[in-house]
Amino acid sequence: MTPFGIAAPGRILFGRGEARRAAGLIAGFGRRVLLVHGRDPARADWLVAALGAEGVEVLAVPCPCEPDLALLEETLARARPFAPEAVAGLGGGAALDLAKALAALVPAPDGPMEHLEVVGRGRPLVAPPLPFVALPTTSGTGSEVTKNAVIGVPEHRRKVSLRDDRMLARIALVDPALTDGCPRTVTLASGLDAVTQVIEPFVSARATPFTDAITRPAIAEGMGALMRLMKGEDATARDGIAWVSLCGGLALANGGLGAVHGLAGVIGGVTGAAHGAICGTLLAPVLRANLTASAPGSTARARLAEVCAVLGRTLAAPPAEAPEALAAWVRKAGLPRLADLGLQARDLARVADASLASSSMKGNPVGLSPSALVAAMRQG
């Protein structure tokens with residue numbers, strides 16, 4: 001068996017009602033806490049009140065959109081004078097990424113560009129990050145269990161990562177009840193991201209026995225739960241997709257992703273579109289492109305065929321037609337096409353070329369040419 005390692009938060013708590021434990025656990029890391037929440041501050045009132053009851057002073061800051069360099073620098077300027085002893089993130093993947101980046105950079109003697117990959121210097125963190133506690137309120141990115149924070153840099157039209165093993169959460173508290181009532185459009189986009197993040201690590205060239213164990217059973221569960229949620233609110237389905245999202249986050253942190261995420265990182269920087277929506281619309285055409293490029297009898301072909309068999313059963317389609325059945329379901333569910341998300345034809349070749357240098361692309365099960373990537377984007 002090929003040697004492998006497992007990187008994960010210090011502690012993972014999963015289940016309905018677990019959020020009630022959040023304030024006491026966060027208070028264990030210090031008396032001054034920076035709390036990053038989503039667009040609506042009222043959704044964080046319960047945690048602010050609970051932390052106050054624990055004797056914790058809280059500085060609450062919003063993350064109204066996917067974080068970019070300007071928002072990170074602005075929030076960092078507010079956070080450093082407060083001198084927090086810990087950081088908590090309550091929200092979707094965007095809020096968790098901003099919280100994770102702040103936990104890393106508040107103690108740092110320099111700014112984000114020293115440490116951002118690709119567009120910055122990419123230097124390791126000098127000071128250890130502050131303790132970080134993650135409470136996701138959407139099911140998609142798996143950011144609660146990953147060691148990187150994705151930050152947009154509009155000047156370079158890219159989304160890049162701040163990355164360090166020490167950025168893993170001390171506690172990832174996944175309470176599916178926090179996702180109940182999530183808007184349908186957000187549920188669709190984030191749910192497809194979750195499904196993508198158990199498919200890509202399973203077929204990844206960097207797959208391990210650990211990632212196989214948590215991704216293979218999650219593919220059908222994730223797709224089935226998402227299909228039920230598109231028909232109406234369903235607590236059991238919320239539980240299922242939250243579990244799949246958690247599995248996907250652990251898998252991508254310990255294995256790899258692929259061409260969907262390789263393209264999505266660049267497309268997100270070019271268009272500003274939501275990450276989950278980009279991944280959701282690319283999943284089917286990239287699956288077809290990988291099948292076309294894989295050699296008969298190869299491990300890549302066998303794993304891709306297994307994914308198609310699972311998706312075919314879930315979507316009531318022949319395995320050979322699973323990518324097309326998935327694409328049709330995605331459109332019927334209402335996910336926009338890439339063109340509707342702002343990706344223009346003139347940008348396709350440049351996006352394809354830039355994506356080839358991404359860390360995600362290195363995990364793709366087969367090498368895809370720029371022309372194959374352009375064709376996948378045209379179909380998305």
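Quick notes on this structure:
- FRET efficiency estimate (nearest 0.05) - Cβ-Cβ, residue 110 to residue 299, R0 35 angstrom: 0.20
- Given +1 at the Cβ of Lys and Arg, -1 at the Cβ of Asp and Glu and no other charges, the dipole of the chain around its Cα centre is 480 debye to the nearest 20.
- Top of 28, 280, 363 by mean-square fluctuation, Gaussian network on the chain, Cα under 10 Å: 28
- When only Cα pairs below 8 angstrom with a gap of at least 6 residues are kept, region 11-95 shows a relative contact order of 41 percent.
- Relative contact order (%) - region 11-178, alpha-carbon pairs under 8 angstrom, separation at least six: 27 percent
- Using a probe of 1.4 angstrom and keeping all protein chains present, the accessible surface of the chain works out to 38 square angstrom per residue.
- A cut-off of 5 Å between modelled amide H atoms, ignoring neighbours fewer than 5 places along the same chain, links residue 35 with 59, 60, 61, 88.
- Expected 222 nm ellipticity per residue - DSSP helices of 4 or more, -39500 (n - 2.57), all of the chain, to 500: -15500 deg cm²/dmol
- Structural descriptor for region 183-379: relative contact order 29 percent, calculated from alpha carbon pairs under 8 angstrom and at least 6 residues apart.
- Taking the Cα centre of region 77-216 as origin and assigning +1 to Lys and Arg Cβ atoms and -1 to Asp and Glu Cβ atoms, the resulting dipole is close to 280 debye.
- Taken along the Cα-to-beta-carbon direction at a fixed 7 Å, the label points for residue 2 and residue 31 span 5.1 nm.
- Percent carbon-and-sulfur accessible area, the chain, ignoring ligands, DNA and RNA, probe 1.4 Å: 56 percent
- In sequence order, region 116-125 has phi-based couplings of 5, 6, 6, 9, x, 7, x, 7, x, 5 Hz under the Karplus curve 6.51 cos²θ - 1.76 cosθ + 1.60, θ = phi - 60°, and Gly or Pro positions carry x.
- Note on region 11-178: dipole from Cβ charges, positive end direction compared against 52, 131, 161; the farthest Cα belongs to 131.
- Taking the convex hull of the alpha carbon positions in the chain and averaging its projected area over all directions gives 17.2 nm².
- Full extension of the chain segment joining residue 233 with residue 57 gains 59.8 nm, where the gain is 0.36 nm per residue of separation less the Cα-Cα distance.
- Label-point separation, residue 357 to residue 184 (7 Å along Cα→Cβ), nm: 4.2 nm
- Taking the average, over residues, of other Cβ atoms within 10 Å as the packing measure, peptides 365-378, 294-307 rank 365-378, 294-307 from highest down.
- Antiparallel bridges, percent of DSSP beta bridges restricted to region 11-178 (to nearest 5): 20 percent
- Order by protection proxy (mean Cβ within 10 Å, highest first), peptides 6-12, 166-172, 256-262: 256-262, 166-172, 6-12
- Spatial separation of Cα centroids for region 232-277 and region 45-107, in angstrom: 22 Å
- DSSP finds beta bridges in the chain, and of those with both partners inside it, around 20 percent are antiparallel.
- Under a model in which nothing but the beta-carbon of Lys, Arg (+1) and Asp, Glu (-1) is charged, region 183-379 shows a dipole of about 260 debye around its Cα centre.
- Residues residue 349 and residue 306, FRET efficiency given R0 of 35 Å [Cβ-Cβ distance, rounded to 0.05]: 0.60
- In terms of the mean number of neighbouring beta-carbon atoms within 10 Å, the peptides 148-161, 92-105 order highest first as 92-105, 148-161.
- Between residue 316 and residue 121, the modelled labels are 5.9 nm apart [label points 7 Å from Cα along Cα→Cβ].
- 0 to 90° range, to nearest 10: angle between helix 209-229 axis and the chain longest Cα axis: 90 degrees
The values are calculated or read from the model by the stated rules, or taken from the named source; none is laboratory data. These figures come from a predicted structure and were not determined experimentally. Heads up, the Cβs are rebuilt from the backbone with ideal geometry, glycines too, and the neighbour counts pull from every protein chain shown. In case anyone asks, the SASA skips ligands and DNA or RNA and just uses the protein heavy atoms, side chains included. Shrake-Rupley method; radii C 1.70, N 1.55, O 1.52, S 1.80 Å.
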